[in-house]
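The values are calculated or read from the model by the stated rules, or taken from the named source; none is laboratory data. Predicted model, so just to flag it, every value in this text is computed and none were measured. Heads up, the Cβs are rebuilt from the backbone with ideal geometry, glycines too, and the neighbour counts pull from every protein chain shown.
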Amino acid sequence: MSDHQWHPETLSVRAGSEHTAYGENSEAMFLTSSFVFNSAAQAAARFGGQEPGNIYSRFTNPTVTMFQNKLAALEGAEFCVATSSGMSAILACVMGVCSAGDHVVASRSIFGTSVQLFSNILKRWGLETTFVSLTNPDEWKAAVKSNTKLFFVETPSNPLTEICDIALLADIAHEAGVLLAVDNCFCSPALQKPLELGADIVVHSATKYIDGQGRCLGGAVLGRKEILEPVYGFLRTAGPTMSAFNAWVFLKGLETLHVRMEAHARNALELASWLEQQPGVARVYYPGLASHPQHELARKQQKSGGAIVSFEVKGGQEAAWKLIDATKMISITANLGDAKSTITHPATTTHSRVSPEARAAAGIGDGLVRIAVGLEHIEDLKADLALLAKSL
């Protein structure tokens with residue numbers, strides 16, 4: 001591509017593509033475990049890093065490289081490391097930038113499995129984590145220690161769509177000599193670019209909106225090459241690798257990312273507005289609504305409110321389950337980012353392994369329902385939730 005400043009929609013379609021001698025228009029899928037060298041000397045040069053090129057698909061594969069380059073172009077990142085899942089991306093990030101004895105400050109509003117990773121698994125290997133409010137900058141400042149290496153947030157959060165001021169949090173982190181990592185899963189680079197707001201690292205579950213159709217697992221870590229070299233080193237050695245097939249699927253998903261996210265967000269805003277009017281709903285959480293506590297911040301750092309709508313139903317878990325079970329079209333599954341709308345009860349699914357006390361601190365009540373709004377017609381989505389208009 002030329003030096004012209006291409007728009008993000010064009011980068012989604014064109015960036016990162018490399019063509020073989022066959023001149024294919026769609027990116028090629030390299031389903032091979034290893035690559036052949038012209039000589040022993042070339043093999044030594046490749047392994048030693050003196051010559052660029054592919055070696056072994058655990059850490060070098062042309063299709064994966066194309067995906068990495070395309071996503072890096074969209075996020076405005078210098079470097080991207082693709083991984084086998086979103087959770088492996090978080091693990092690779094932490095293993096790359098932290099060591100035993102280091103300290104992490106994380107939002108208590110992160111995904112339930114991320115909480116388990118920090119508070120249980122990584123704790124066993126000597127990494128200490130302090131959980132603080134996503135939206136209270138003073139708590140982040142107070143939590144910093146001499147051995148703090150990383151701030152970790154997801155914004156908007158799962159499932160309450162809380163939003164932090166990325167630029168402000170980046171300033172707090174950098175003043176303390178700490179790196180800021182942002183999980184950008186809910187927005188994708190189509191709606192939010194944390195690196196432009198001061199973040200050092202962006203983490204993705206490519207399983208979600210990057211794929212867009214619920215087909216494959218994958219993740220990515222993006223940022224400056226200097227920061228991510230240890231992350232790449234961890235992947236090369238430990239092997240939480242993205243497969244070439246999955247990378248090819250994600251390449252195709254990225255081509256339609258912007259048009260999909262616009263349609264998701266349009267549906268989500270209308271559904272959230274409708275939910276606020278239903279007698280069975282106590283409260284709606286959606287950044288695109290004026291009632292959201294960080295609505296103005298969302299308007300400042302996101303292009304739209306995104307596709308996730310959570311709401312409290314009157315009647316607690318019994319009413320929430322009754323509503324979920326009454327749906328006929330919306331998929332009952334905890335995944336999100338699909339063209340198909342999905343519905344789940346966070347307290348007993350995505351955050352079921354989090355203690356009741358931690359759930360309460362994060363604001364996740366028994367009546368909370370999360371919908372990842374898909375691409376169906378909005379009137380059909382409303383019709384499938386018609387029970388909300390009645391007594392639950």
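Answer yes or no: is there a residue in segment 173-195 that is in contact (Cβ under 8 Å) with a residue 24 or more places away in the chain, over 24 Å from T129 (Cβ atoms), in the same structural domain as N136 (by TED's automatic domain parsing) and surrounded by fewer than 22 Cβ atoms within 10 Å (Cβ to Cβ). Checked segment 173-195: no residue is in contact (Cβ under 8 Å) with a residue 24 or more places away in the chain, over 24 Å from T129 (Cβ atoms), in the same structural domain as N136 (by TED's automatic domain parsing) and surrounded by fewer than 22 Cβ atoms within 10 Å (Cβ to Cβ). None of I210, I227 is assigned by TED's automatic domain parsing to the domain that holds V97, surrounded by 20 or more Cβ atoms within 10 Å (Cβ to Cβ), not polar (S, T, N, Q) and not in a strand (DSSP E or B) except I210.
Taking segment 268-297 as the range and being out of contact with any strand residue (DSSP E or B) (no Cβ under 8 Å at 6 or more places or on another chain), more than 17 Å from K382 (Cα to Cα) and touching a residue at least 60 places away in the same chain (Cβ under 8 Å) as the test, the residues that pass are P287, P293, Q294, L297. If only residues of segment 346-392 that are aliphatic (A, V, I, L, M) and in a loop (DSSP other than H, G, I, E, B) are counted, the one that is surrounded by the most Cβ atoms within 10 Å (Cβ to Cβ) is V373. Residues that are out of contact with any strand residue (DSSP E or B) (no Cβ under 8 Å at 6 or more places or on another chain) and within 22 Å of T161 (Cα to Cα) within segment 91-139 comprise G112, T113, Q116, L117, T135, N136, P137, D138, listed in sequence order. Listed by position, the strands (runs of 3 or more DSSP E) enclosed by segment 38-134 include none that has at least 2 residues that are in contact (Cβ under 8 Å) with a residue 12 or more places away in the chain and not assigned by TED's automatic domain parsing to the domain that holds A247.
Answer yes if at least one residue in segment 35-58 is closer than 30 Å to Q116 by Cβ and either within 23 Å of the chain's Cα centre (by Cα) or surrounded by 12 or more Cβ atoms within 10 Å (Cβ to Cβ) (or both), and no otherwise. Within segment 35-58, one or more residues are closer than 30 Å to Q116 by Cβ and either within 23 Å of the chain's Cα centre (by Cα) or surrounded by 12 or more Cβ atoms within 10 Å (Cβ to Cβ) (or both).
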